[in-house]
Amino acid sequence: MMYSKRFFKLVHRVYQRKSGFIREKSFLTLIFSDKLCVIAFLLLTASRPVHPVHTSITQMQYNAAEKTFEVSLRVFTDDLEEALTKENNNQRVRLSDKDANGPLVERYVRKHFGLTSASRQRKPYRYVGKEQEVDATWIYIEIPYNEPVQGSLLQQSMLTDLFDDQMNLVNVSYLAEKKTVLFRKSNTQQVLTW
């Protein structure tokens, strides 16, 4: 774990105020000998974006005029980076708005998200792109769909290969109907019924 210069300066100042010299104790003893140092340590390490729940949210909005599902997938960036790193032969992947990782993201999404018609035809779709937020990544796709949704098979297995507790919520809006479907590692495909 990397510590910031600010942290070291704070520890140094607190300890100097307390004893006058640092060389008398080991650095670990120094850090944990003062309650203020422990609080500073916790505050500085807590600023890292960590989330205890592994979840994603997908919005599928049917555009009747275009006969297309407009899909927005929202995932935690650090989780997606970990999945992409694994897919990229463990070469570290970092996401930003202006990176060149679009093809890698697209390949991962195509592997883990899909819609199959009631007649068992996997629907091709167009990867539109991605957008970064502070701790989340939005991924956009469009799925041409000109048949009834009833009986279609929806797959949403993103990040279930990494986290046993991964939950993927999909909100489907089709014509006047709305439905929310929950996907887990043990249940990554579901038939849409209205």
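A short reminder: the numbers here are calculations on the coordinates, not readings from a lab. Everything numeric here is computed off the predicted structure, so don't read it as measured data. Ideal geometry is used to build each Cβ from the backbone, glycine not excepted, and the neighbour counts take in all protein chains shown.
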Contact order relative to length of region 70-194, as percent, for alpha carbon pairs under 8 angstrom and 6 or more apart: 24 percent
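Assigning unit charges at the beta carbon (Lys, Arg +1; Asp, Glu -1) and nothing else, what dipole magnitude in debye, to the nearest 20, does region 65-194 show about its Cα centre? Intermediate results must be reported in sequence, preceding the final value.
Values: 18 positive and 19 negative charges, 113 e Å.
The dipole of region 65-194 has a size of about 540 debye.
Over 19 Å between C-alpha atoms is what I'm after, so list which of LYS98/LYS130; LYS67/LYS178; LYS111/LYS179 land there.
Details: LYS98/LYS130 10 Å; LYS67/LYS178 17 Å; LYS111/LYS179 24 Å.
Cα-Cα > 19 Å for LYS111/LYS179; rest within.
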Phi angles of region 58-66, converted by Karplus (6.51 cos²θ - 1.76 cosθ + 1.60, θ = phi - 60°) into ³J(HN,Hα) in whole Hz with x for Gly and Pro, give 10, 10, 10, 10, 7, 9, 5, 5, 8
Calculate, axis by axis, the spread of Cα positions in region 57-188 along the three principal axes, and write the results as whole Å, longest axis first. 42, 32, 26
If you rank SER157, SER96 by fewest surrounding Cβ atoms within 10 Å, what's the result? SER96, SER157
Of all GluC sites (Glu not before Pro) in region 128-185, which ones are in loop regions per DSSP and have a Cβ with at most 11 other Cβ atoms within 10 Å? GLU133
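By count of other Cβ within 10 Å, fewest leading, how are TYR140, TYR174 ordered? Working shown, then result.
Details: TYR140 15, TYR174 19.
Listing TYR140, TYR174 from fewest to most nearby Cβ atoms yields TYR140, TYR174.
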Anchor LYS86: aspartates and glutamates whose Cα lies under 17 Å away (excluding residues fewer than 8 positions away in-chain): ASP78, GLU106, ASP161, ASP164
Interchain or sequence-distant (5+) residues whose placed amide H lies within less than 5 Å of the amide H of ASP99 are none
Each residue of region 98-107 in order: what ³J(HN,Hα) in whole Hz does its phi give by Karplus 6.51 cos²θ - 1.76 cosθ + 1.60, θ = phi - 60°, with x for Gly and Pro? 10, 8, 9, 8, x, x, 5, 4, 4, 4
Amide H to amide H under 5 Å from SER56: which residues, 5+ apart in sequence or cross-chain, H placed 1.01 Å off N in plane? MET167, ASN168, LEU169
For region 101-135, which trypsin sites (Lys or Arg not before Pro) are both in a DSSP coil and crowded by at most 12 other Cβ atoms within 10 Å? ARG120
